[in-house]
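Visitor: Before anything else, here's the structure in question.
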Amino acid sequence: MEQRSILVVANQTAGSGHLKALVHDRMAAGPCRFTLLVPATPPNEHLTWTEGEARALAEARLADALAGLRELGADVDGVVGDPRPLSAIGDVLLERPHDEIVISTLPPGGSRWLKQDLPHRVERQFGLPVTHVVAEPAEKS
């Protein structure tokens, strides 16, 4: 069976149980390799922020999430991307093709990505199957 390449796009939900469950299910279905993309989007809770603060927060979320996914046995690497999720996804796909894109968002109401209709926009722009997972923010460990 050929190894599938799956791009997982998440920020606040990167280390969530919902996302871990999806990765576990994909691994159970056959060999796959994951790329976890955390766009360096500015935090909601601050009125002012710097690009460096947004990037540092994304890097911390990425490191925590990678550790959790590797504990599951996932073959995963990660990258902090452009603050604009569509641009970040495009950058990753230019480097390496993927077979599927998984987008993990907060629930409706709290999710900027859902307000931007990101899952549908990604599907239209990149022509790949998109799976949307709704999750709560990852717990601090």
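Visitor: What size of dipole, in debye to the nearest 20, comes out for the chain about its Cα centre when the only charges are +1 on Lys and Arg C-beta atoms and -1 on Asp and Glu C-beta atoms?
Guide: With only Lys, Arg, Asp and Glu charged at Cβ, the dipole is about 200 debye.
Visitor: Name the long-range amide H neighbours of Phe34: under 5 Å, sequence gap of 5 or more, or other chain; modelled H, no Pro or chain starts.
Guide: Amide H neighbours of Phe34, under 5 Å, 5+ apart: Ile6, Asp75, Val76, Asp77.
Visitor: Tell me the relative contact order for the chain as a rounded percent, counting alpha carbon contacts under 8 Å between residues six or more apart.
Guide: On the way: 252 pairs, mean separation 47.1, N = 141.
Over the chain, the number comes to 33 percent.
Visitor: Just to confirm a number: summing +1 for Lys and Arg and -1 for Asp and Glu over residues other than Val92 whose beta-carbon lies under 12 angstrom from that of Val92, what do you get?
Guide: On the way: positive: Arg96; negative: Asp77, Asp82, Asp91, Glu95.
Spelling it out: positives minus negatives among the neighbours equals -3.
Visitor: When the expected Rg is taken as 2.2 N^0.38 Å, what fraction or multiple of it is the alpha-carbon Rg of segment 4-134? Kindly include the intermediate steps, with their values, before the conclusion.
Guide: Working: Rg = 13.8 Å, N = 131, 2.2 N^0.38 = 14.0 Å.
In units of the globular-protein estimate, segment 4-134 measures up at 0.98.
Visitor: Tell me, Kirkwood radius of segment 88-141 from alpha-carbon pair distances, in Å? Walk me through the intermediate numbers first.
Guide: On the way: mean 1/r = 0.0821 Å⁻¹.
Over segment 88-141, the inverse of the mean reciprocal pair distance is 12.2 Å.
Visitor: Residue separation times 0.36 nm, minus the C-alpha to C-alpha distance between Lys115 and Glu53: what's the value? Let's see the in-between values first.
Guide: On the way: separation 62, 0.36 × 62 = 22.32 nm, distance 2.35 nm.
Answer, rounded to one decimal: 20.0 nm.
Computed from the coordinates by the stated procedures, all read-outs in this text should not be read as laboratory data. Predicted model only: the values in this text are computed from it and were never measured. Here the Cβ is made from the backbone with ideal geometry for all residues, glycine too, and neighbour counts use every protein chain on show.
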